[in-house]
Structures are given as structure tokens and as C-alpha cells.
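Each value in this text was obtained by applying a stated rule to the coordinates, not by laboratory testing. The structure presented is a predicted model; accordingly, all values stated were derived computationally and were not measured. Note that each Cβ is placed from the backbone with ideal geometry, even for glycine, and that neighbours are counted across all protein chains shown.
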Amino acid sequence: MTGRRGCRVVGTPAPPDAEREHLRQQRQEPVRPERRRLHVAVDLVDIGVRLGGAIDVITQRIVDVLMGFPPIILALALMAMLGQSVNNVIITLVVLLSPSAARTMRSSVLSLKELTYVESARAVGSTTTRVVFRHLMPNCLGTYIVLFTVNVAYAIVVEASLSFLGLGSPPDEPSWGGMITAATASLQRAPWIAFFPGLAICLVVFGLNLLGDAIRDMTDAKMRGSTSQT
């Protein structure tokens, strides 16, 4: 192959993988690869929260079984059975996040449906659909958003942990956990290679927790204000 100025190109560099580090810094920037992980975490948290309360008895028994296992042990077992791929990481995170989301939202709905305004809506003939969408869902929004931010942060930590242990994303898929694993070989010579991916994980998780706390404080203040007015 001959270039534009007559230079003969013998070959092209191989892409980075678990054995070759060439140009890995261009494939594994600290922020850009994990944007997809954030989108995945957002989607699976939404799925996990929406599953709560579909069929109460069956759902709660499944939740009890899943919550009986330590989360990291369950994640390792699922990834060992399913294999190493991005899709299997998504499935594992859905299984881990759905039980706590379903249990939390169920408790919130059960406490709200016994309040006076819900009973008044039923007394005047409101349908179940109207009660759910008019009274229950808006008042569960604060809990939903806080749970949303916490579980997104949790999903990022779990995905990074699985990738660090070699059971998460494949080596050719950029991942903060994979970056830290690849940097362990040169940890004494260049510790910053592992420092910045770890710092990125800490900053994102810390920021999401602060966001959840701020939203919780805002919703609690609105609820206290509405209660004092009544």
C-alpha cells in the first residue's frame, strides 16, 4: 500500500486488547466510554422500578429469593453462567436491581393508598386507573427519582467491579473497571493510569448520591409544606 506522498505502508497497528496496549488511551478515555454504561444503567433501573407491583404475591416471593443472596455473589454466579459480554452484564444488573426497586416502590404505594385523599377518591367513584395515575404515581415520584439515582450509581460500581474481576465487559470493550485491571501491570511505574479511572468512578457515584439527596430534600420540603397547609 502506497501513501499520498509515495510512502509505502507495510501494515496498520492492531487494536488494543487484553494483550496489546497500543493506542488504548484513545479507546478508553475516562468519560466517553462510560456514557453508554450510564444509559444502560438508566434503562435497566427504569425496567426494575416498573416491574414492582405487577403481580404482588408472585413478585414478592421472587424478590425474597433474589434478596436472600449477597449481591456480589449473585452477580459473579450469573456472569459465570452467562459468559462475558455486555448484554450479559445488562441482564445481571437487571436481576440485581429489580428486587430492591420493586420492594421500595411497593412499600411506598402501600403506604400511600391508605391515606385520606386516596380513600376519598375511591369514595367519589374514581376508577383504579385514575387513582393510580392521578394520586399514587405523582406522590411516588420523589421516591422514584431518589431510587433512580442511587441505583444508577450502584449499577456503575457493580459493572466496574465485574470488569475488574474479568467477568464483566470483554477486553475490547472500554470500561473503567477494565482500565484499572489493565493498569495493575504498570502500577508501580505509572500509578496514574489506574488512578484516573478510579477517580472517575468515585466522582460519578458521589455526584449521583448528592443529586439523590438534593432531590429527596426538595420533595420532603414540598410534602412538609403541603401537610402544614392542610
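Along the range 199-206 the Karplus relation, 6.51 cos²θ - 1.76 cosθ + 1.60 evaluated at θ = phi - 60°, assigns HN-Hα couplings of 5, 4, 4, 4, 5, 5, 5, 5 Hz to successive residues, with x for each Gly and Pro. Can you pull the one-decimal nm distance between simple spin-label points at residue 72 and residue 133, each 7 Å off the Cα toward Cβ? Roughly 4.4 nm, to one decimal.
Charges were assigned to the Cβ only: +1 to each Lys and Arg, -1 to each Asp and Glu. The resulting dipole of the range 32-222 about its Cα centre is roughly 280 debye. Annotation: extensible slack from residue 195 through residue 210 equals 3.2 nm (criterion: 0.36 nm per residue apart, minus Cα-Cα distance).
Backbone phi angles across the range 95-111, fed through the Karplus curve with coefficients 6.51, -1.76 and 1.60 (θ = phi - 60°), yield HN-Hα couplings of 5, 6, 8, 4, x, 5, 5, 5, 5, 5, 5, 5, 4, 5, 5, 4, 6 Hz in residue order; Gly and Pro are listed as x. Assuming R0 = 22 Å, what is the FRET efficiency of residue 65 and residue 110, from their Cβ-Cβ distance, to the nearest 0.05? The pair residue 65/residue 110 has a calculated efficiency of 0.60.
Legend: calculated FRET efficiency, residue 186 to residue 87, from the Cβ-Cβ distance at R0 = 30 Å, rounded to 0.05, equals 0.45.
Once the gyration tensor of the Cα atoms in the range 32-222 is diagonalised, the equivalent ellipsoid follows with semi-axes of 38, 19, 11 Å, ordered largest first.
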